[in-house]
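The values are calculated or read from the model by the stated rules, or taken from the named source; none is laboratory data. All values reported here derive from a predicted model rather than from experimental measurement. When we count neighbours, we look across all protein chains shown, and the Cβ atoms used for this are built from the backbone with ideal geometry, even at glycine.
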Amino acid sequence: MGVKRAIRHIEYRIERLLIKVIDFFYPPFRKIMPLELFRYGCCGGLNLALEWVLYYVFYHFVFHARIFDLGFIAFTPHIAAFVFKFPITFLTGFWMARHISFAGSTLRGRTQIVRYLLVTIGNIVINYLGLKLFVEIFHWWPTVSYVIISIICVTFSYLTNKFYAFKKNKTDHGQPSADQE
């Protein structure tokens, strides 16, 4: 078995396991939300928890709540923690959105990741401005500020991912649109 095939097999097994576990807890929520929203909430919750843990670890243990100076640019610790946790949670969030939350999307993977990146950039702007406002102007604790901002971002993210990044195109007379696979 080739490495690429082995990785895809592992990825498939993780995907099936996550779907099975998430769907197991769905029945009590069936009357109040569709399965897609429930899956999105679970995946988003997992990724958000990962973000919070990574943010905390980077802020307190990597940057020790101090300015992080690269010589040509310096980051406040709350911004540095955000920047360094980002690539990890971007990839995990995209993977879960594509394979679990919005698996029925009719868009190509390339289109999905570009649109997901645009949604993520929107979230970065919200995070950056929110951290600047809450931490540097209001003088709130960075971790608490980040949790509040994350809640705002979850709402923005769900709506834009559902209706933009992973939308399901309707076709005319059975002909796929230009974005479809």
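At-a-glance table
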quantity	calculated
So residue 177, is it surrounded by fewer than 13 Cβ atoms within 10 Å (Cβ to Cβ), hydroxyl-bearing (Ser, Thr, Tyr), modelled with pLDDT under 95 and over 24 Å from residue 15 (Cβ atoms)	yes
Check on residue 25, modelled with pLDDT of 95 or more and surrounded by fewer than 11 Cβ atoms within 10 Å (Cβ to Cβ)	yes
Residues of region 59-87 satisfying the condition of being under 18 Å from residue 120 (Cβ atoms) and not basic (Lys, Arg)	79, 81, 82, 83, 84, 86, 87
Qualifying residue in region 41-53 (condition: farther than 23 Å from residue 160 by Cα and either in contact with a Lys or Arg (Cβ under 8 Å, 6 or more places away or on another chain) or surrounded by 10 or more Cβ atoms within 10 Å (Cβ to Cβ) (or both))	yes
Any hit, region 68-85, residues being within 22 Å of the chain's Cα centre (by Cα) and loosely packed, with under 12 Cβ neighbours inside 10 Å	no
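To keep it simple, each residue is scored yes or no on (1) over 20 Å from residue 98 (Cβ atoms); (2) part of a helix (DSSP H, G or I); (3) hydrophobic (A, V, I, L, M, F, W, C).
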| position | (1), (2), (3) |
| --- | --- |
| 4 | no, yes, no |
| 14 | no, yes, yes |
| 19 | no, yes, yes |
| 28 | yes, yes, no |
| 39 | no, yes, no |
| 51 | no, yes, no |
| 56 | yes, yes, no |
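Residues are listed down the side, and each one gets a yes or a no for (1) closer than 17 Å to residue 45 by Cα; (2) touching a Leu at 6+ places or on another chain (Cβ under 8 Å); (3) buried (at least 17 other Cβ atoms within 10 Å of the Cβ); (4) polar (S, T, N, Q):
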{"residue": "63", "(1), (2), (3), (4)": "no, no, yes, no"}
{"residue": "87", "(1), (2), (3), (4)": "no, no, no, no"}
{"residue": "93", "(1), (2), (3), (4)": "yes, no, yes, no"}
{"residue": "105", "(1), (2), (3), (4)": "no, no, yes, yes"}
{"residue": "112", "(1), (2), (3), (4)": "no, no, yes, yes"}
{"residue": "126", "(1), (2), (3), (4)": "no, no, no, no"}
{"residue": "135", "(1), (2), (3), (4)": "no, no, yes, no"}
